[in-house]
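A.B. asks: Dropping a structure here in structure tokens format, bear with me for questions.
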Amino acid sequence: MRKKLPLLLALLALPAAAEDTRLLAELKPAAQETLRKEMLDNLIALNSIISLLAANQVKEAGEVAEKELGRSAMGKNATLPFEARPGPQMPREMHQLAINGHLVASDFARAAASGERDKALAELPNLLGTCVACHATYRTR
Ligand code: HEC
């Protein structure tokens, strides 16, 4: 029971529970659409990663993290027209968070490549932390 308290507090502190004070990132509609699709894929990737960790398939979890979220997933919108590319339209600090998210995912992937679940688990909060940091700070509408 005691373990659940921090989670409860975190939920109460969610921006959605109060007035929305997040910063508005004004992305063009095409870029918002690209971002939204990418985000849905992010969640699917995260679900795969956690499922694989639970099944003790640690290296596989790292491979998914690298391919879908890590450095390897950077720059995949570079061939889209500018108006459909979210990265360059983001405020600088937000873009930095996005880049950091990729780097942290690669850190997780490296830890998971060892095959040691505890090592990988130790990096998981950083990985999720970048999702939370950006969502808690920015909105697009
Ligand atoms: C750099 C900022 C940033 C990072 C990092 C980030 N997100 Fe998002 N995410 C957003 C924004 C902005 C939206 C709202 C997009 C919109 O609707 O225009 C969003 C929306 C979403 C949505 C809702 C999609 C929908 O259908 O409306 C999901 C799910 C999501 N993010 C998952 C994740 C996960 C999982 C991670 C981490 C692996 C992550 N995001 C990391 C900025 C970010």
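A.B. asks: Given the criterion more than 22 Å from residue 30 (Cβ to Cβ), in contact (Cβ under 8 Å) with a residue 24 or more places away in the chain, buried (at least 20 other Cβ atoms within 10 Å of the Cβ) and not polar (S, T, N, Q), identify the matching residue among 70, 115, 101.
C.D. replies: Checking each option against the conditions leaves just 70.
A.B. asks: Kindly list, by first and then second residue, each pair from a residue in the range 77-92 that is among the acidic types (Asp, Glu) to a residue that is part of a helix (DSSP H, G or I) and within 13 Å of the ligand (Cβ to nearest atom), limited to pairs with Cβ atoms under 9 Å and residues at least 6 apart or on different chains.
C.D. replies: Here the result reads 83/29; 83/30; 83/31; 83/89, each pair linking the range 77-92 to a residue that is part of a helix (DSSP H, G or I) and within 13 Å of the ligand (Cβ to nearest atom).
A.B. asks: Name the residue, out of 110, 85, 141, 117, that is under 23 Å from residue 21 (Cα atoms) and among the charged types (D, E, K, R).
C.D. replies: Exactly one of 110, 85, 141, 117 is under 23 Å from residue 21 (Cα atoms) and among the charged types (D, E, K, R), namely 141.
A.B. asks: Right, something else. Can you pull out the residues in the range 123-139 that are under 14 Å from residue 49 (Cβ atoms) and aliphatic (A, V, I, L, M)?
C.D. replies: Passing the criteria: 124, 127, 128.
A.B. asks: Just to be sure I understand, how many residues within the range 80-121 are in contact with a Leu (Cβ under 9 Å, 6 or more places away or on another chain), among the polar types (S, T, N, Q) and either under 16 Å from residue 46 (Cα atoms) or more than 13 Å from the ligand (Cβ to nearest atom) (or both)?
C.D. replies: Within the range 80-121, residues that are in contact with a Leu (Cβ under 9 Å, 6 or more places away or on another chain), among the polar types (S, T, N, Q) and either under 16 Å from residue 46 (Cα atoms) or more than 13 Å from the ligand (Cβ to nearest atom) (or both) number 1.
A.B. asks: Further question: Can you tell me which residue is nearest to residue 93 (Cα to Cα) among those in the range 23-51 that are of a type in the set (Lys, Arg) and within 9 Å of the ligand (Cβ to nearest atom)?
C.D. replies: Out of the qualifying residues, it is 36.
Bear in mind these aren't lab numbers, they're just calculated from the coordinates by the rules spelled out. Quick caveat: nothing in here was measured; it's all calculated off a predicted structure. In this analysis, Cβ positions are derived from the backbone assuming ideal geometry, glycine residues included, and neighbour counts consider all displayed protein chains.
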